[in-house]
Every structure is written in C-alpha cells, then in structure tokens.
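The block underneath contains the structure these notes are about, expressed in structure tokens.
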There are 2 protein chains.
Amino acid sequence: MSEDAIFKNIPQFTVLRFARYLNFLVTLPDVVEEISSSEMAGIIGIKPTQLRQDFFTLGGFGRQGKKYNVRFLIHRLSEVLALQKPQDMVLAGVGHLGQAIANYQGFERFNLVLRGIFDVNPKLIGLKIRDIQVQDLDELQGFIRQHKIQIGIISTPHQSAQIVCDNMVDAGVKAIWNFSPENVTVPEGVVVQNENLSVGIMNLSYRLNRELA
Amino acid sequence: MSEDAIFKNIPQFTVLRFARYLNFLVTLPDVVEEISSSEMAGIIGIKPTQLRQDFFTLGGFGRQGKKYNVRFLIHRLSEVLALQKPQDMVLAGVGHLGQAIANYQGFERFNLVLRGIFDVNPKLIGLKIRDIQVQDLDELQGFIRQHKIQIGIISTPHQSAQIVCDNMVDAGVKAIWNFSPENVTVPEGVVVQNENLSVGIMNLSYRLNRELA
DNA sequence: TAGATTGTTAATCGATTAACAATC
DNA sequence: TAGATTGTTAATCGATTAACAATC
C-alpha cells in the first residue's frame, strides 16, 4: 500500500482521537510495553470498538490475540500526524497568553520547535523566553523567509490578528494557529486553526445547565 | 412547547455552532439589525442550510421571506446556552496562562463573572488581577462553599490539576474548565472540559502535512 | 407579481457501534 | 484447548445537505 493510500481519507474525528491517543501514550512510563484497546479506551473515555476502528483506518496495526505495542503505536501515530520530522514555528504577541504558549512543555516532545518570538512593544524586545530573544514584529517576515518557517502562532490582541496572519502567510507560512479571539481567514492552500476560548466556555455553560439534572 | 422540549436533544455539534454564531453576532455594530442565513454562514464558514437546520432545532426562530433579527438571535442563543443569568467562577493557578485567562475580555460579555483567584505561591498571594486579590489555595474550598460557585477553572501545573479538581468538586463545583495538560476526571453529575493544546497543534500538523498538497 | 428568504421534510453522507471471525 | 484479544464487515445512529414549500 502506498503512503498516499495510508494517509488519505482518515475521518476528521479520527485524527483528533489520534492526537488524544498519542498524547496519552507518551505519558506512560517506559516499563509499560503493551496496552489493550479496552484499557486505553477506558482512560480516554471512548469505547474499545471505536479505538480499534480508528486504528483499522491505518491498516494492520496490531495482531489478533495480542495487545498493542506502545512504542510501535507512538511511532505510527507520530508518523500519521506528521510529527516525525522537526517543524519550526514562530510566535507573534508576547502577552501572558503568548508567554504561556512559548513556555508550553508539550512542543519538543512532538518535534515542534519554536524559532522566533515577535512583538511590537519595545519594552519586550530583547527579553529572553526559553533562550529566544523577542524581536521586533518588523523582522517577522524576513525571519520567516530566511528560516522557511511553515507554522505561525498568533497571540496578539484581536485588532492585529488578521494583519499578522496576512503577513505570516505572505512570507510563506502554511499553517496558522490562532489564539486571538478574532477568527482569522486565510487563502486556499493554507490551513488555520482558531482556538476560540468563548466556544469552550459556552459549551461548558450549556452542558452544566442543560445536560445535567 | 415546554422548556424541556426546547432544550433537550440539541445535537452536540449544533451546540458548538451556537457558540460560534453568538460569538460572531455580539461583535456586530448596533446598526446591523438583521442578517441572512447566507451572510452569516459565509462568515462562519459553513453552508446556509446547516445554519437554518441548526436554528430549526430551536423551533420557530425566524420568518420565511425575512432575514433573522440580530437582537432576537443573540437573546435566543444566550438563552439556549444558559448565558442569561450571571454565573460565578473561580480560577486556580496564576501562571502566565492563568493570568491570560483571568484577563480574558470575553467573559462579562457572556455574563460569566470571575469571583476568586487562587495560587500556592506566597509571592503571588495578594496580587491584584482585575480588582481581584489572589488568595492562598487553602482558601479555595471555603470560598467556593461560601459563594456557591459552580464553575472552576484550572490553570495549575499538571501535577496538581487532579487534586485541585477534586477539591473544587468536593466543595460543590459542577463544571470544570481545565487548561492543564493533564486530562482530569470527575464523578457523575459534574461536567469537565479539557482544553488540550496538544490536540490542537497535532491536528494542525496533520492538516498541514497530509491534507494540503 | 417576482424575488428573496426561511421552515421543514427527505435524502445523503459520515461516524459509531455491534457482531463475530481470526489469531495469539 | 480455552480465554483474551484485535481485525474487519455490517448495522445502526447521527449529522449534513438538497429540495422545495411557505411566507414576506
């Protein structure tokens, strides 16, 4: 089977669960060498059948009668999610949220490397976050072009989110991870993920007041 | 039709879109009094039919031949999402992420009121964030009980997330909004929403590398 | 009346679950 | 061999889309 055949047509919700599986698996201590579909499903909060169906889309993951091998699982999921090779990122906007993201532990575990941090505030320029010096936002496009950065993270105030996004895309960024409350838009050939806090809290409010009781 | 009949059985994904509709509608200037399903769907990035089907689940929203009334839409969506009455919240963990959340603009717009902020770090206790003094985490349970807080936000390091969660639930919190990388679990009758950054970036990586090109 | 628009049903599509064969 | 486990198909369930009637 070709790589294409393996990676095409994975259902959208299956991809999200792949991420959750992988996220859980990497926290397991090294001594845990194998895990069953029911153990894992129980922890994630889904049914074992769904997990097996998910893995089935990848073709021939495990063996009947045997549990899944944890190392292999991690390897295969990383591969599907394209996390095997390092990917460089830049971040724009050094407020509390920007600093929280820049300091986020999970990145290097998944081969994601923050290369540049940018802000307009002269007081912040030069500040070191994780050994990276904050640069002037004017340098953003040059930096992206020079280092061929493909992933841009936006944690600016909402007024500047779309402009920063446009600049990133213009300089060659192909994926935007947006934490500003503004829903930014991108042209064809670029992907964007708007992490909208409001949606989260409204959904929680609905579940608290309408689902419960 | 009873309230129950109106609010039961709204599809899960429809609720998430309700949040996105409302989030967009409140940003409209006051002069915009009505909006059509196609205008709104275009901005949100879905099909008009889906939007009308969503509103149909609420029963008799608009009128054939006329656009939707923005004020009424906001009123009705707020009602469904249970955002009409003020809801009190507490937050535990005053790192960068905690401060970013505490300073988040969107809350009061949706009647969500942050009442208490807590941390273990003596250097942070007493610090004022949005006119709220950071208190010692030891005071958390008493505060929740005294003020009958129903919503708890967790932005502590992952080691303490589950303990803080347990303490919140024990004191009466019914909804947990968790930003720590640890997937916390809650007993029956409590809802939890784990906002997992890793899932977001892995999904973005998949889309960048597997969907594009 | 003609055009624009939403309401509502039915058809389609996609995701989840059940069932059981295959394998260890 | 018996028990545990995954692989894989088919059935079910839920979500999206199409079509058009109803209304302004």
Can you find a residue in the stretch A:9-17 that is buried (at least 16 other Cβ atoms within 10 Å of the Cβ), of a type outside the set (A, V, I, L, M) and in a helix (DSSP H, G or I)? yes
Could you tell me which residue of the stretch B:175-213 is farthest from the chain's Cα centre (by Cα), considering only residues that are in contact (Cβ under 8 Å) with a residue 24 or more places away in the chain and facing chain A (nearest Cβ under 8 Å)? B:A175
Hey, any hits in the stretch A:105-126 for a residue that's at positive phi, more than 14 Å from chain B (Cβ to nearest Cβ) and more than 15 Å from DNA strand D (Cβ to nearest atom)? yes
When you go through (1) within 16 Å of DNA strand D (Cβ to nearest atom); (2) touching a residue at least 24 places away in the same chain (Cβ under 8 Å); (3) crowded, with 16+ Cβ neighbours inside 10 Å one by one for B:L81, which number turns out not to apply? (1)
Tally, over the stretch A:76-108, of residues that are among the hydrophobic types (A, V, I, L, M, F, W, C) and modelled with pLDDT under 95: 1
Quick one: A:S36 ticks every box in (1) within 9 Å of DNA strand D (Cβ to nearest atom); (2) within 14 Å of chain B (Cβ to nearest Cβ) bar one, so which box is it? (2)
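Does any residue of the stretch B:78-85 turn out to be among the hydroxyl-bearing types (S, T, Y) and within 22 Å of A:I101 (Cα to Cα)? Steps first, please.
Residues of the stretch B:78-85 among the hydroxyl-bearing types (S, T, Y): B:78.
Applying the additional criterion that residues be within 22 Å of A:I101 (Cα to Cα) yields none.
The answer is no; no qualifying residue exists.
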Could you tell me whether any residue of the stretch A:130-141 is surrounded by 18 or more Cβ atoms within 10 Å (Cβ to Cβ) and touching a Leu at 6+ places or on another chain (Cβ under 9 Å)? yes
Residue identified as β-branched (V, I, T), away from DNA strand C (no atom under 16 Å from the Cβ) and in contact with a Leu (Cβ under 6 Å, 6 or more places away or on another chain) among B:V120, B:V113: B:V120
Answer from B:I151, B:I117 - the residue that is touching a residue at least 60 places away in the same chain (Cβ under 8 Å) and within 23 Å of B:V191 (Cα to Cα): B:I151
Among the candidates A:F61, A:F143, single out the residue that is in contact (Cβ under 8 Å) with a residue 40 or more places away in the chain and closer than 23 Å to B:N209 by Cβ. A:F143
Give the stretch A:35-58 a look and list any residue that's within 14 Å of DNA strand C (Cβ to nearest atom) and touching a Phe, Trp or Tyr at 6+ places or on another chain (Cβ under 6 Å), or say none. A:F55
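Only one of these is in contact (Cβ under 8 Å) with a residue 12 or more places away in the chain and either assigned by TED's automatic domain parsing to the domain that holds A:H158 or under 22 Å from the mean Cα position of the chain (by Cα) (or both): A:I101, A:I125. Name it.
Matching residue, one of A:I101, A:I125: A:I101.
The values are calculated or read from the model by the stated rules, or taken from the named source; none is laboratory data. Just so we're clear, the structure is a prediction, and the values are computed from it rather than from any experiment. In this analysis, Cβ positions are derived from the backbone assuming ideal geometry, glycine residues included, and neighbour counts consider all displayed protein chains.
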